[in-house]
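The values are calculated or read from the model by the stated rules, or taken from the named source; none is laboratory data. A quick note: this is a predicted structure, and the numbers were derived from the prediction, not measured. Don't worry about glycine lacking a Cβ; one is built from the backbone with ideal geometry, like all the others, and counts go over all protein chains shown.
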Amino acid sequence: MTNSLRGFRDILPPDSELFARIEAAARVVFGLYGYQELRIPTLEQKELFVKSTGDTTDIVEKEMYAFTDGGGREVALRPEGTPGVVRAYIQNNLAQTGRNGKYFYLGSMFRAERPQAGRYREFTQIGAEYIGNPAPAADAESISMLVRFLEKAGVAECSVVINSLGCAECRKAYREILLGFLRGKAEKLCEPCRGRIERNPLRALDCKTDGPWLTSEAPKRALCPACETHFSGTQRLLSAAAVAYQVNTSLVRGLDYYTGTVFEVRSGALGSQDAVCGGGRYDDLVKSMGGPAAPAIGWAVGLDRMAMLLKDKPAPDTAPRAFVIAAAKEAGDRAFALLTALRADGISADFSNFELSLKSQMRSAGKSGAAFALLIGEDELKAGTAAVKPMKEGGEQFTVPLAEAPVKIKELLRGI
Ligand code: ATP
Ligand code: MG
């Protein structure tokens, strides 16, 4: 027996139905906001992530599934969606040919992290990117769409935390202040942080080990007047959109490309892996990747963690409505035709194996959770009828002409 790899899992029913429900909610809500789906490749040139996500980030430095393929190309399984979306935007000239710069994606991401509850090596994200609008309304729209999506999917008790990292100028000034502070604390820092503070001091604030104490001790960031106005405008519009949020000036996101607004959605119900979603502005990324100057904002939700939050919600009933049984040796073909007719009429129907005994087929019908069993035995075969047996205790069996079976079943289902 060859098992699956560590951190790579099978998502079985009913969890798979939860995932489908979340995806359906996303499509409905995103449609209201004018987002279109972008299907991007799973495998890209490694360089794409090194240049965009950033080579001092955990994602690229430690967690990326990167390898040399048979043709000697340096490739990587995507650890996140934004770089691929930005590449697609540039490569396909979507700035000119696209509708409004609003795109969503959905699919597997890969990170070689230590597997634990809510943390896998292959996991699913839904992400939304809004490229080309620099105004606070874009930030507020993006965050409110996220909140409405979480609500629609049935996720409650989440908190939205926002911050602004400021523009390149604000960050440059803060970088110097922070670097001075970190150099003074070098001997207290963990090994990886000591190695990277000179390259990217902000990353230390996002470190899983040193982040918590650093964010309380380090000097707080300051914003230039333009960034301050943008951030307060975003907050005003979030309130206008009835989105509840908290400002946390210690929130730094682990990716290099963020500028201005950053945010996270967390849920206490998740334990230590409490982040459901992360996102922010990336005003310089499109240009730095070789595209037009196109300020942008986006986020990605982890479906695996979202599904954990929905686990206790009643799952949609996916049991078949009808279960067809052949109760005589020659009744199989007729039973198969009935199964086909029921489905054609929109009634979910199932069967087991017409060649097995009545008892065995009845057992399968019970296991299926169907509301009605439809039996065709010798008598029914002769008369052109089916026997309908309600599976609920005490239900009375009766006979219907075959042609009327779908209509009759629909009528009965309405009464349940
Ligand atoms: P964390 O701090 O939990 O490592 P992150 O900052 O690395 O999260 P992002 O890159 O912002 O996460 O990804 C967005 C979302 O994707 C996260 O909020 C989380 O729900 C989900 N996610 C990230 N990594 C994993 C993983 N290894 N397994 C499952 N879900 C994940
Ligand atoms: Mg992570």
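Computed quantities for the displayed model
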{"read-out": "Members of the stretch 107-135 found to be buried (at least 21 other Cβ atoms within 10 Å of the Cβ) and either more than 16 Å from ligand 2 (Cβ to nearest atom) or not assigned by TED's automatic domain parsing to the domain that holds residue 60 (or both), listed by number", "value": "126, 128, 129, 130, 131"}
{"read-out": "Single residue of the stretch 268-326 satisfying the filter (within 15 Å of ligand 1 (Cβ to nearest atom) and among the polar types (S, T, N, Q)) that is nearest to residue 11 (Cα to Cα)", "value": "273"}
{"read-out": "When residues of the stretch 27-67 are limited to those that are in contact with a strand residue (DSSP E or B) (Cβ under 6 Å, 6 or more places away or on another chain) and over 30 Å from residue 100 (Cα atoms), the one nearest to ligand 2 (Cβ to nearest atom)", "value": "64"}
{"read-out": "Residue in the stretch 280-292 that is out of contact with any Ser or Thr (no Cβ under 7 Å at 6 or more places or on another chain), surrounded by 20 or more Cβ atoms within 10 Å (Cβ to Cβ) and in the same structural domain as residue 56 (by TED's automatic domain parsing) present", "value": "yes"}
{"read-out": "Strands (runs of 3 or more DSSP E) completely within the stretch 349-416 that count 3 or more residues being modelled with pLDDT of 95 or more, within 10 Å of residue 325 (Cβ to Cβ) and of a type outside the set (Gly, Ala, Ser)", "value": "372-376"}
{"read-out": "Residue within the stretch 248-257 that is within 16 Å of ligand 2 (Cβ to nearest atom) and either over 23 Å from the mean Cα position of the chain (by Cα) or of a type in the set (Gly, Ala, Ser) (or both) present", "value": "yes"}
{"read-out": "Count of the stretch 280-326 residues which are in contact with an Asp or Glu (Cβ under 7 Å, 6 or more places away or on another chain) and among the polar types (S, T, N, Q)", "value": "1"}
{"read-out": "Residue within the stretch 81-89 that is of a type in the set (Phe, Trp, Tyr) and away from ligand 2 (no atom under 14 Å from the Cβ) present", "value": "yes"}
{"read-out": "Pair list, Cβ under 7 Å, 6 or more apart: the stretch 163-186 residue within 18 Å of residue 227 (Cα to Cα) and surrounded by fewer than 20 Cβ atoms within 10 Å (Cβ to Cβ), other residue at pLDDT 90 or above and of a type in the set (S, T, N, Q)", "value": "167/259; 168/259"}
{"read-out": "Close pairs from the stretch 68-80: first modelled with pLDDT of 95 or more, partner surrounded by fewer than 10 Cβ atoms within 10 Å (Cβ to Cβ) and assigned to a loop (DSSP other than H, G, I, E, B), Cβ under 7 Å, at least 6 apart", "value": "75/69"}
{"read-out": "Among the residues listed as 289, 308, the single one being touching a residue at least 60 places away in the same chain (Cβ under 8 Å) and in contact with a helix residue (DSSP H, G or I) (Cβ under 6 Å, 6 or more places away or on another chain)", "value": "289"}
{"read-out": "Some residue of the stretch 256-263 being out of contact with any His (no Cβ under 8 Å at 6 or more places or on another chain), among the hydrophobic types (A, V, I, L, M, F, W, C) and modelled with pLDDT of 90 or more", "value": "yes"}
{"read-out": "Any hit, the stretch 328-336, residues being within 30 Å of residue 155 (Cα to Cα) and touching an Asp or Glu at 6+ places or on another chain (Cβ under 6 Å)", "value": "no"}
{"read-out": "Selection from the stretch 36-59 of residues that are closer than 13 Å to residue 109 by Cβ and assigned to a helix (DSSP H, G or I)", "value": "49, 53, 59"}
{"read-out": "Filtered residues of the stretch 231-256 (kept if out of contact with any Lys or Arg (no Cβ under 9 Å at 6 or more places or on another chain), more than 26 Å from residue 307 (Cα to Cα) and not hydrophobic (A, V, I, L, M, F, W, C))", "value": "232, 233, 234, 235, 236, 239, 248"}
{"read-out": "Unmet criterion (only one of (1) more than 16 Å from ligand 2 (Cβ to nearest atom); (2) farther than 21 Å from residue 290 by Cβ) for residue 96", "value": "(2)"}
{"read-out": "Out of 285, 309, 270, sole residue that is out of contact with any strand residue (DSSP E or B) (no Cβ under 6 Å at 6 or more places or on another chain), within 15 Å of ligand 2 (Cβ to nearest atom) and among the hydrophobic types (A, V, I, L, M, F, W, C)", "value": "270"}
